[in-house]
1. Pick out, in residue order, every one of the GluC sites (Glu not before Pro) in the range 47-97 that is DSSP loop and has at most 16 other C-beta atoms within 10 Å; say none if there are none.
2. Using +1 on the beta carbon of Lys and Arg, -1 on that of Asp and Glu, and nothing else charged, what's the dipole of the range 72-113 about the Cα centre, debye to 20?
3. May I ask you to compute the full-extension gain from residue 50 to residue 62, defined as 0.36 nm times their residue separation minus their alpha-carbon distance, rounded to one decimal in nm?
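Each reported figure results from applying straightforward, stated rules to the coordinates on display, with no laboratory input. The model shown is predicted, which means the values in this text are computed figures rather than measured ones. Here Cβ is always computed from backbone atoms with ideal geometry, including for glycine, and neighbour counts include all displayed protein chains.
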Amino acid sequence: MRISNQSDRSSSIEKGLDNSKPQRTERAERTSEGKAIKRQPRIETDPSLKTDKVEVSGRAKEAVNAKRVAEAAPDVREDRVNEIKRKIASGQYKVDADAVADRMVDDHRQVAS
């Protein structure tokens, strides 16, 4: 029984050759004295087999670039911290307690939901 589009492969499998798997070949090299040097086996594949191909979209590349920029940015904005410290020291930094309380309640509601 033959399956269509499989004739070449099935005949090679029947002969004991499966070209879909890489074939190992041993290579022995010799020194100038004639001693064999054992090398790692090379893997040869059938060049007629298709290979997989991956293409990354422009949007994915932008996402990777944005991640790199974010990781390179400092965790603390020293200029902003120094400005607030200066205002606190001079008495110019005023905290609106009602606004802080409202924000805390809003955050708590969001977490509790």
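1. On the way: sites: 55, 62, 71, 78, 83; in loops: 55.
Taking the range 47-97 and a limit of 16 other Cβ atoms within 10 Å, the loop GluC sites (Glu not before Pro) found are 55.
2. The calculated dipole for the range 72-113 is roughly 180 debye.
3. Numbers: separation 12, 0.36 × 12 = 4.32 nm, distance 2.97 nm.
Here the answer is 1.4 nm.
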